[in-house]
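Colleague: Sharing a structure, written as structure tokens. Questions coming.
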Amino acid sequence: MTTASPELVLEGLARRYGNTTAVERMDLAVKPGELVALLGPSGCGKTTTLRMVAGFVEPSEGRILLRGRDITTMPPHRRDTGMVFQSYALFPHLTVAENIAFGLQRRGVPKPEAAERVARMVALLQLQGLEKRLPKQLSGGQQQRVAVGRALVINPAVVLLDEPFSNLDALLREGTRIELRRLQTELGLTTLFVTHDQAEAMAISDRIAVMNKGRLEQLGTPREVYDRPATRFVASFIGRANLFVSADGRTSEDGIALDIPTPGTWLLRPEKVTLDQAPATGPNSVAGTVEVVSFLGTGAQAVLRLPGGRALLIEGPASLADLRPGASATARWTPQDLTLIPGEH
Amino acid sequence: MHASARRGLVAAGLLAPAALVFALLFIWPQLGLFLQSMPPGAPLAQYERFLGDSYYLGVLGNSLLLGLCVTLVTLVLGFPLAFLLARAETRWAGLLLLLTSFPLWVSAVVRSFAWMVLFFRNGVASRLLQSTGLVESNFQLIGTFAGVVIALAQVLLPIMIVTLYAVIRGIDRDLEHAAMSLGASPVVALWLVTIRLARGGILAGSLLVFSLSVSAFATPSLVGGARAHFMAVTIYEQTLELLDWPFSAAIAAILLAISISVALTYGRLLGDAKEQAR
């Protein structure tokens, strides 16, 4: 699969509105059957990128190729994309079955075949018995499944998901995203998925495209963007981060003793730090005052206030929660736990 | 006092002023009119006279045709404009909407005189038609059915546009996007989604324009001139020129009955449309 030619290619894709840039020259190649997340804070250009692929927003620059065809200026209805909208955008005047059948009818699929494909999709998404209902008569989770079914039943070349889980409550969200990932893998659907939720992106993506202010900051597997973030933004947006800026490799800007091979910005993930009551022992350990502890069930989190004023975030076993706020403690880590962020100087 | 009883009382209190005005100024005179149309001895004579005379039936048909034509013209002209305004991503949309309502700001009489100037044989509109060669060189729009349709459509267009605009604004744009990404061309998406969902607005706007057209007086009589055989104009003639009050009362009652039955039919259709769109 890794050697297959990409299904969807964005080449130098850009969108400007007057003087503001929504998306800045973006390159991305999605392989067949791959799920790529466009991840970033609101206003980072991820939805604009998705809408350019769908054909609702015209690119100011660049090209979009789908299965080798240039679709940059093609109207949406000829593109062969299946989109799931954040609001689901179910047709309120059509039943569940009619909603799912809409795309098949537009493609002139014969009635018996269309009915069979709708029935199969209804079964696949566990919507049996709801075929004759109108969208307003469904729960949020059911509406979401109809929206997914309507987009998948036409076998699109690429599935576009715009924050498909954001209108579900937390409990339903996790189950639904696992279900969707299972479906996507089973059917081998090439998928572009917009989200602002990094945990969601990590959980179900093959690769994540982290975007910020219209730029693609990093493209990589969830492990790569977590373990080796390319920029400071990626480091703090994906997971939690303690960052040290050091000009000489010996101490950080705020006076913490480090022992690192090169100057630069270094990342220390909270789960790499341990906390104990013994005094600090030179580089890669620092004493401070416990400020906040929170018990998280599977573990615990602590904030250690350092003399220089910085707050160091630590994640560890549940026993961390036994620490009393106000107590003195020492944070320790090994030099291997520090990762250099290459994009910063 | 029970809460529900108090609520009922409050509702009655809130309804009372409008109900009083409506009863005093509409239902009471309308009843009087109705009684007048049925003089003792021959209560149905006036109605028989109207329904038995092909001239008056023609007037009725003319008025209904006028209502239909004006409704169609405003719908065909108004829908694209309302759609574009509703979908415009500019802050000028509100101002443009305001601009479309300009005809409503001018008195019907002044507006009709303006149309008369344009419609006389040497008027710009008539000249324009003459120059196309489709009509004779002495053609004038004044006094024609088409002229009345044009003049009425102009003033009623804003009513159609504002009604449609509000409804189209309420339709999520992503519904059109969804239809298009599923393979519907923009025209098909408009037909299968937007127009279906705007049905309520289309019916409401049509009802307003239709009932205002069939009962219009100033524009048809000024632009239509002596040959303006429309209901409201006929009522005026019977009342003030021929002083045949029982007959004019009967014509007025017939016009009202038609307006009410059209409104009720529309109301039924509107209810269905709402039920579907919800």
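The values are calculated or read from the model by the stated rules, or taken from the named source; none is laboratory data. All values derive from a computational prediction rather than experimental measurement. Every residue, glycine among them, receives a Cβ derived from its backbone with ideal geometry; neighbour counts consider all protein chains shown. The accessibility values were calculated without ligands, DNA or RNA, using every heavy atom of the protein model including side chains. Shrake-Rupley method; radii C 1.70, N 1.55, O 1.52, S 1.80 Å.
Colleague: Please count how many residues of the stretch A:319-335 are part of a helix (DSSP H, G or I) and basic (K, R).
Modeller: Total satisfying the criteria: 0.
Colleague: Same structure again: Step by step: first the residues of the stretch A:132-169, then only those that are small (G, A, S) and within 27 Å of A:S42 (Cβ to Cβ), then the one that is modelled with the lowest pLDDT. Which residue is that?
Modeller: Here the residue is A:S166.
Colleague: Which ones in the stretch A:60-94 are within 11 Å of chain B (Cβ to nearest Cβ), free of Cβ contacts under 8 Å to residues at least 24 places away in the same chain and in a loop (DSSP other than H, G, I, E, B)?
Modeller: A:P75
Colleague: Another question about this same structure. Have a look at A:V53, A:V36, A:V23 and point out the one that is among the β-branched types (V, I, T), open to solvent by less than 10 Å² (accessible area, probe 1.4 Å) and modelled with pLDDT under 95.
Modeller: Numbers: A:V53 fails: modelled with pLDDT under 95; A:V36 fails: modelled with pLDDT under 95.
Among A:V53, A:V36, A:V23, only A:V23 is among the β-branched types (V, I, T), open to solvent by less than 10 Å² (accessible area, probe 1.4 Å) and modelled with pLDDT under 95.
Colleague: Just wondering, is there one or more residues in the stretch A:24-38 that are touching a Phe, Trp or Tyr at 6+ places or on another chain (Cβ under 8 Å) and closer than 11 Å to A:M211 by Cβ?
Modeller: If we filter the stretch A:24-38 for residues that are touching a Phe, Trp or Tyr at 6+ places or on another chain (Cβ under 8 Å), which is where we start, we get A:35-38.
Add one more test, that the residue is closer than 11 Å to A:M211 by Cβ, and what stays is A:37-38.
Yes - at least one qualifying residue is present in the stretch A:24-38.
Colleague: What number of residues within the stretch B:171-205 are of a type in the set (S, T, N, Q) and either outside the structural domain of B:I142 (by TED's automatic domain parsing) or open to solvent by 10 Å² or more (accessible area, probe 1.4 Å) (or both)?
Modeller: Number satisfying all stated conditions: 1.
Colleague: Being within 14 Å of chain A (Cβ to nearest Cβ) and either outside any helix (DSSP H, G or I) or in contact (Cβ under 8 Å) with a residue 24 or more places away in the chain (or both), is that true of even one residue in the stretch B:151-170?
Modeller: Scanning the stretch B:151-170 turns up at least one residue that is within 14 Å of chain A (Cβ to nearest Cβ) and either outside any helix (DSSP H, G or I) or in contact (Cβ under 8 Å) with a residue 24 or more places away in the chain (or both).
Colleague: Please find, among B:R91, B:R87, B:R173, B:R127, the residue that is within 14 Å of chain A (Cβ to nearest Cβ), farther than 30 Å from A:A151 by Cα and not β-branched (V, I, T). Walk me through it before giving the result.
Modeller: Working: B:R87 fails: farther than 30 Å from A:A151 by Cα; B:R173 fails: farther than 30 Å from A:A151 by Cα; B:R127 fails: within 14 Å of chain A (Cβ to nearest Cβ).
Result of the check over B:R91, B:R87, B:R173, B:R127: B:R91.
Colleague: Hey, another quick one. Of everything in the stretch A:98-113, what is more than 9 Å from chain B (Cβ to nearest Cβ), part of a helix (DSSP H, G or I) and surrounded by fewer than 19 Cβ atoms within 10 Å (Cβ to Cβ)? Give them in sequence order.
Modeller: Within the stretch A:98-113, A:E98, A:K111, A:P112, A:E113 qualify.
Colleague: State whether one or more residues within the stretch B:249-269 are within 20 Å of A:L134 (Cα to Cα), in contact (Cβ under 8 Å) with a residue 12 or more places away in the chain and more than 14 Å from every other protein chain (Cβ to nearest Cβ).
Modeller: yes
Colleague: Restricting attention to the stretch B:115-143, report how many residues are open to solvent by less than 50 Å² (accessible area, probe 1.4 Å), without any contact (Cβ under 8 Å) to a residue 12 or more places away in the chain and either within 20 Å of the chain's Cα centre (by Cα) or under 18 Å from B:G225 (Cα atoms) (or both).
Modeller: The number of residues fulfilling the criteria is 0.
Colleague: Report, ordered by the first and then the second residue, all pairs with beta carbons closer than 7 Å, sequence separation of six or more or different chains, a first member in the stretch A:177-196 that is within 20 Å of A:L10 (Cα to Cα), and a second member that is of a type in the set (D, E).
Modeller: Cβ pairs passing all conditions: A:T190/A:E7; A:T190/A:E34; A:V194/A:D162; A:V194/A:E163; A:T195/A:E163.
Colleague: Would you say B:R49 is within 19 Å of the chain's Cα centre (by Cα), under 27 Å from B:V233 (Cα atoms), among the basic types (K, R) and surrounded by 13 or more Cβ atoms within 10 Å (Cβ to Cβ)? Even if it seems obvious, please write down each step before you answer.
Modeller: Details: within 19 Å of the chain's Cα centre (by Cα): no; under 27 Å from B:V233 (Cα atoms): yes; among the basic types (K, R): yes; surrounded by 13 or more Cβ atoms within 10 Å (Cβ to Cβ): yes.
Considered against the rule, which asks whether it is within 19 Å of the chain's Cα centre (by Cα), under 27 Å from B:V233 (Cα atoms), among the basic types (K, R) and surrounded by 13 or more Cβ atoms within 10 Å (Cβ to Cβ), B:R49 comes out as no.
Colleague: Only one of these conditions is not met by A:G316: (1) surrounded by 12 or more Cβ atoms within 10 Å (Cβ to Cβ); (2) under 17 Å from A:I256 (Cα atoms). Which number is it?
Modeller: With respect to (1) surrounded by 12 or more Cβ atoms within 10 Å (Cβ to Cβ); (2) under 17 Å from A:I256 (Cα atoms), A:G316 is out only on (2).
Colleague: Another question about this same structure. Within the group A:R207, A:R240, which residue is over 12 Å from the mean Cα position of the chain (by Cα) and either open to solvent by less than 20 Å² (accessible area, probe 1.4 Å) or among the basic types (K, R) (or both)?
Modeller: A:R240
Colleague: Next question. Got a number for residues in the stretch B:53-64 being touching a residue at least 12 places away in the same chain (Cβ under 8 Å) and either among the polar types (S, T, N, Q) or over 22 Å from B:F247 (Cβ atoms) (or both)?
Modeller: Adding up the residues that qualify gives 2.
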